[in-house]
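First comes the structure, then the notes that go with it.
The values are calculated or read from the model by the stated rules, or taken from the named source; none is laboratory data. All values derive from a computational prediction rather than experimental measurement. Cβ: placed from backbone, ideal geometry, glycine included. Neighbour counts: every protein chain shown.
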Amino acid sequence: MKTKYFLPILMTVLFLSILLLACGKGFKTPADIKDKVAWLDAESAMPIFPFGTNPIYMMFHSADCPVTNAMLDEIFSRPEMIKYLNENFTCISVMPDSIDSVRFVGEVATGKKLLEVFKVEGYPSHYFFNAQGFLKTAHTGYIKLRVFKQLLKYVAEGYIEKYTLPVFLEMPEAQLDTIYGEF
């Protein structure tokens, strides 16, 4: 009786293994991407929002925005920022000008509609959600390195659930290094 099921089970396992190897080709995880932030694009990430176990950082921006480009060059290129974001957040890049339509929390929206829904006042706009998809805080514009590090730690390490941001900023845990790149 056991031999009757052995061959079909073996063939199924072999087929699934080959399928997984073929589909997994080219797939990268944040651990594979060490030299840049592992941004997910809005078209692939928003339809399945929320997901994962980390808080979600969503940045609305435009490719030709000088303020966004300054943050990308000065903040998001730093090794400690790349490492901290990739280990502690799921990062989503939203470029509304390039979105014709996307599904987000069950609704189909254009890039323009997303700007309205999120009340984007300018670029870049930063939205921080917990892992369950609840918006925790939002900020607009260029955020200086020290303040951005403090904000990331505030959200990622759960201080946002216990303290207001001004209270957290007075705590010793919020005094972060910007010279040697430590959190």
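Could you please let me know if Asp73 is of a type in the set (D, E, K, R) and farther than 30 Å from Tyr180 by Cβ? No; evaluated as a whole, the condition is false for this residue.
Can you spot a residue in the stretch 164-182 that is out of contact with any helix residue (DSSP H, G or I) (no Cβ under 6 Å at 6 or more places or on another chain), touching a residue at least 24 places away in the same chain (Cβ under 8 Å) and not in a helix (DSSP H, G or I)? Yes; the residues of the stretch 164-182 include at least one that is out of contact with any helix residue (DSSP H, G or I) (no Cβ under 6 Å at 6 or more places or on another chain), touching a residue at least 24 places away in the same chain (Cβ under 8 Å) and not in a helix (DSSP H, G or I).
Can you say whether Pro79 is within 27 Å of Glu157 (Cβ to Cβ), surrounded by fewer than 11 Cβ atoms within 10 Å (Cβ to Cβ) and either at pLDDT 95 or above or in contact with a Leu (Cβ under 7 Å, 6 or more places away or on another chain) (or both), as far as the supplied structure shows? For Pro79, the condition - within 27 Å of Glu157 (Cβ to Cβ), surrounded by fewer than 11 Cβ atoms within 10 Å (Cβ to Cβ) and either at pLDDT 95 or above or in contact with a Leu (Cβ under 7 Å, 6 or more places away or on another chain) (or both) - is met. When restricted to residues that are of a type in the set (A, V, I, L, M, F, W, C), surrounded by fewer than 18 Cβ atoms within 10 Å (Cβ to Cβ), in a strand (DSSP E or B) and under 15 Å from the mean Cα position of the chain (by Cα), the stretch 105-139 contains 2.
Looking at the stretch 140-152 only, could you name the residues that are in a loop (DSSP other than H, G, I, E, B) and touching a Pro at 6+ places or on another chain (Cβ under 8 Å)?
Residues satisfying the conditions are Gly141, Tyr142.
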